[in-house]
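The structure appears right after this line, and notes come after that.
The values are calculated or read from the model by the stated rules, or taken from the named source; none is laboratory data. The structure presented is a predicted model; accordingly, all values stated were derived computationally and were not measured. Cβ placement follows ideal geometry from the backbone for every residue including glycine, while neighbour counts extend to all protein chains displayed. Note: areas computed on protein heavy atoms with side chains; ligands, DNA, RNA excluded. Shrake-Rupley method; radii C 1.70, N 1.55, O 1.52, S 1.80 Å.
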Amino acid sequence: MKELRLMKGNEAMAEAMIRAGYDGYFGYPITPQSEVMEYLQAERPMERTGMVVLQAESEVASINMLYGGAGSGKNVVTSSSSPGISLMQEGLSYIAGAELPCLVINVQRGGPGLGDIQPAQADYFQAVKGGGHGDYKLIVIAPASVQESSDFVKLALELSNKYRNPVMILTDGAIGQMMEKVELFPQQPRWTIEEIREKKPWATFGKPADGERRIITSLDLLPEKLEAHNTHLQEKYRTIEKNEVRYEEIMCEDAEYIFVAYGLASRICQKTIQLLREKGIKVGIIRPITLYPFPKDILKSYASKVNGFFVVEMNAGQMVEDVQLAVECKEKVSFYGRTGGVLPTPEEVMEAFEKSFK
Amino acid sequence: MYTELIKPENLVYTKTKVMTDKELSYCPGCGHGTAHRIIMEVIEEMGIQGETIGVAPVGCSVLAYEFMNIDVQQAAHGRAPALATAIKRLWPEKYVFTYQGDGDLAAIGTAETIHACNRGENIVIVFINNGIYGMTGGQMAPTTLPNMKSSTSPYGRDETEMGHPLKMTELVANLPGVYYVTRQAVHKPSHVRKAKKAIRKAFENTAKKTGVSFVEIVSNCNSGWKMRPTDANQWMEDNMFPYYPLGDIKVDGLFVNK
Ligand SMILES: Cc1ncc(C[n+]2csc(CCOP(=O)(O)OP(=O)(O)O)c2C)c(N)n1
Ligand code: SF4
Ligand SMILES: [Mg+2]
């Protein structure tokens, strides 16, 4: 039987953490995502599944709790919003360097600085280009609905473990706060000790009597060895780029123009393309679901077929650079964005599009 | 003549198997190696090599995992107590300890230290206080003594400008989440024996789930202090011990009356 509920995005992600079988959540309150920990605490996850929930003293502490928890073989998750995610960058770099699976959720708000608490997409560069120091990548997935917010929490557990790589869900205050119908997936069991032993032989939870000790570190003082490690990481990222690209094509079959937008912006654009189609202009949307790996090939494949690309973001223009790179300047790429937590209306997006491609 | 002596019944000391055979990277005379050894001996004696997870800091002991034959995670600078918190909460039956220098624990990691202590995490914190940043070449630490010279206080630590030496151990002793607080040294055999007893007590405490056990070891840094090892030990006795007096501060959750 289907389990349907009306939930906020933040609550749906919290419920999904329990159901996906995460072992631990560590976080620090920040608007617009505080409902995640509030929901978890109210649900008593320790009683439901044995999941640990802890309010840390800061985002610096929570990301390092993830580092410890993930290093010890457990499936762990944190959530925060933009300023808190900035504080986590050092820890994320260590986690990526040590190749630890975990999930970090960024419910973005307006920036820079303390900014405001309205929805934004201004942390795109930080999320997809690395964010902290060193050459590394997070797998970045962007939900556009409450349903996907829930589903991607489960997907993240699979992907992070498959590649021993941190995953980020990059969402925003609107998707976090809005209520929609969501079909909850059934409860998954947390991993048993036997499963951890088998699937994560590198994890530090006590040296096996018959085996070598395990070490979790991102340190390698010999440049040649560190370079070899970096090469290995880059090879892993190439595999991820090959296997894990996800996107949605909306009304692209006959499209003469392609909108490119993710998350909430893609929802706004759906209304815009409807308005444009009513006027007889054939437009479609490519919605990247994975922001890293970026759906380059599909965009490139449309470059010869359409008259232009129109990128819409809730920032001053970040993903647009990746679209330009993907289409290799073979076709015109224009951009429209609002910043600071201002949501563009479908009508103003249409106007901006018409101005760009008259 | 010597072969006569090499008999099992004459054996009085042997290196614990919980130390690896890797040559220590520490300066000759440095206390870090001795501190490692007594922790590993306690782990061997308690039979918990397979049940213990260590968390190494950033500092001279960043490579502790090379020498400790147990599962170890190497933390970011100052964050060891956050890692240890999560490991212990997710594996409540294991023994978890951090090993941290004074820069790591009392400067960049002050928040993580205080809050792990305040939450009463069931972990052991071993705090190596040598009054200086050894690894980065002898800069001033929060624990550097008044008027003490370092590379970033070349004319001595001026307390009016550079603040006062931080007694982190006394500070955390005030927190109800902290069950055992003691200050030890490892520069002489008698001190090594006492320090080892303290570490054993700390590890035994964590099994009781009574909160943090915090063991400070006042140590030397002959390289950073720019002294010969023997002079460094003498200087430590003459200058560090008066400011950081050795002995128990809190035992079984109660302050020790002196
Ligand atoms: C974020 C960050 N800041 C600074 C450093 C540089 N650093 C490495 S070790 C260290 C100080 C270590 O001193 P202490 O903790 O007292 O350890 P010791 O070497 O004296 O044992 C510093 C500042 C670093 N590695 N990371
Ligand atoms: S620099 Fe100081 S703390 Fe580091 S190994 Fe040498 S003596 Fe020890
Ligand atoms: Mg030091």
Original post:
If you check A:VAL60, A:VAL53, which single one turns out to be β-branched (Val, Ile, Thr), within 13 Å of chain B (Cβ to nearest Cβ) and outside any helix (DSSP H, G or I)?
Top reply: A:VAL53
Original post:
How many of the residues in the stretch B:91-110 are open to solvent by less than 10 Å² (accessible area, probe 1.4 Å) and within 16 Å of ligand 3 (Cβ to nearest atom)?
Top reply: 9
**OP:** Return only the number of the condition from (1) out of contact with any Cys (no Cβ under 6 Å at 6 or more places or on another chain); (2) within 16 Å of ligand 1 (Cβ to nearest atom); (3) over 15 Å from B:THR34 (Cβ atoms) that B:LYS250 does not satisfy.
**Re:** (2)
Original post:
How do the pairs read when you match residues in the stretch A:154-171 that are without any contact (Cβ under 8 Å) to a residue 24 or more places away in the chain with residues anywhere that are open to solvent by less than 20 Å² (accessible area, probe 1.4 Å), using Cβ under 8 Å and keeping only pairs 6 or more apart or on different chains?
Top reply: A:LEU155/A:ILE141
Subject >> Every residue from the stretch A:26-50 that is within 14 Å of chain B (Cβ to nearest Cβ) and either of a type in the set (Asp, Glu) or without any contact (Cβ under 8 Å) to a residue 24 or more places away in the chain (or both) >> reply: A:MET46
**OP:** For the stretch B:59-77, enumerate the residues that are touching a strand residue (DSSP E or B) at 6+ places or on another chain (Cβ under 8 Å) and within 16 Å of ligand 3 (Cβ to nearest atom).
**Re:** B:GLY59, B:CYS60, B:SER61, B:VAL62, B:LEU63, B:ALA64, B:ALA75
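Which members of the stretch B:234-251 meet the condition of being surrounded by fewer than 20 Cβ atoms within 10 Å (Cβ to Cβ) and either over 18 Å from B:LYS196 (Cα atoms) or among the aliphatic types (A, V, I, L, M) (or both)? Talk me through it step by step, then tell me what you get.
Initial filter on the stretch B:234-251 (surrounded by fewer than 20 Cβ atoms within 10 Å (Cβ to Cβ)): B:234-235, B:237-239, B:241-243, B:245-248, B:251.
B:GLN234, B:TRP235, B:GLU237, B:ASP238, B:ASN239, B:PHE241, B:PRO242, B:TYR243, B:LEU246, B:VAL251, listed by residue number.
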Original post:
Exactly one of (1) within 14 Å of chain B (Cβ to nearest Cβ); (2) touching an Asp or Glu at 6+ places or on another chain (Cβ under 7 Å); (3) in contact (Cβ under 8 Å) with a residue 60 or more places away in the chain is unmet by A:VAL76. Its number?
Top reply: (3)
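Is it true that B:ILE39 is away from ligand 2 (no atom under 15 Å from the Cβ), over 30 Å from A:GLU90 (Cα atoms) and crowded, with 24+ Cβ neighbours inside 10 Å? Working first, answer last.
Details: away from ligand 2 (no atom under 15 Å from the Cβ): yes; over 30 Å from A:GLU90 (Cα atoms): no; crowded, with 24+ Cβ neighbours inside 10 Å: yes.
So B:ILE39 fails the test.
Just wondering, is there one or more residues in the stretch B:229-236 that are within 14 Å of the chain's Cα centre (by Cα) and touching a residue at least 24 places away in the same chain (Cβ under 8 Å)? Break it down stepwise before answering.
Step one: filter the stretch B:229-236 for residues within 14 Å of the chain's Cα centre (by Cα), giving none.
Checked against the condition, which is being within 14 Å of the chain's Cα centre (by Cα) and touching a residue at least 24 places away in the same chain (Cβ under 8 Å), the stretch B:229-236 yields no hits at all.
Residues in the stretch A:25-41: is at least one farther than 21 Å from A:ASP151 by Cβ and buried (at least 24 other Cβ atoms within 10 Å of the Cβ)?
Among the residues of the stretch A:25-41, at least one is farther than 21 Å from A:ASP151 by Cβ and buried (at least 24 other Cβ atoms within 10 Å of the Cβ), which makes the answer yes.
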Original post:
Going through the stretch B:42-62 one residue at a time, which ones are closer than 25 Å to A:TYR94 by Cα and surrounded by 20 or more Cβ atoms within 10 Å (Cβ to Cβ)?
Top reply: B:THR52, B:ILE53, B:GLY54, B:VAL55, B:ALA56, B:PRO57, B:VAL58, B:GLY59, B:CYS60, B:SER61, B:VAL62
Original post:
Residues of the stretch B:126-180 being of a type in the set (S, T, N, Q) and either within 14 Å of chain A (Cβ to nearest Cβ) or within 16 Å of ligand 2 (Cβ to nearest atom) (or both), which ones?
Top reply: B:ASN129, B:ASN130, B:THR136, B:GLN139, B:THR143, B:THR144, B:SER150, B:SER151, B:THR152
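Mind listing just one residue for me: the one in the stretch B:174-207 that is small (Gly, Ala, Ser) and more than 16 Å from the chain's Cα centre (by Cα) and, of those, farthest from B:THR113 (Cα to Cα)? Quick ask: steps written out before the conclusion?
Of all residues in the stretch B:174-207, those small (Gly, Ala, Ser) come to B:177, B:185, B:190, B:195, B:198, B:202, B:207.
From what's left, more than 16 Å from the chain's Cα centre (by Cα): B:177, B:190, B:207.
On the way: B:GLY177: 12, B:SER190: 29, B:ALA207: 20 Å.
Ranking the candidates gives B:SER190 first.
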Original post:
Which of the residues belonging to the stretch A:189-228 are touching a residue at least 24 places away in the same chain (Cβ under 8 Å), within 17 Å of A:ALA96 (Cβ to Cβ) and either more than 13 Å from chain B (Cβ to nearest Cβ) or not in a loop (DSSP other than H, G, I, E, B) (or both)?
Top reply: A:ILE216
Original post:
Restricting to helices (runs of 4 or more DSSP H) lying wholly in the stretch B:1-93: which have 1 or more residues that are modelled with pLDDT under 95 and away from chain A (no Cβ under 11 Å)?
Top reply: B:2-5
Subject >> Residues of the stretch B:111-154 that turn out to be small (Gly, Ala, Ser) and either assigned to a strand (DSSP E or B) or surrounded by 24 or more Cβ atoms within 10 Å (Cβ to Cβ) (or both), as a count >> reply: 6
Subject >> Checking B:PHE203 against (1) open to solvent by 70 Å² or more (accessible area, probe 1.4 Å); (2) farther than 26 Å from B:CYS27 by Cα; (3) of a type in the set (Phe, Trp, Tyr), the condition it does not meet >> reply: (1)
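How many of the residues in the stretch B:181-201 are closer than 30 Å to B:PRO146 by Cβ and touching a Phe, Trp or Tyr at 6+ places or on another chain (Cβ under 7 Å)? Let's see the steps before the verdict.
Narrowing the stretch B:181-201 to residues closer than 30 Å to B:PRO146 by Cβ: B:181-188, B:190-192, B:194-195, B:198-199.
Next cut, touching a Phe, Trp or Tyr at 6+ places or on another chain (Cβ under 7 Å) only: B:181, B:183.
The total comes to 2.
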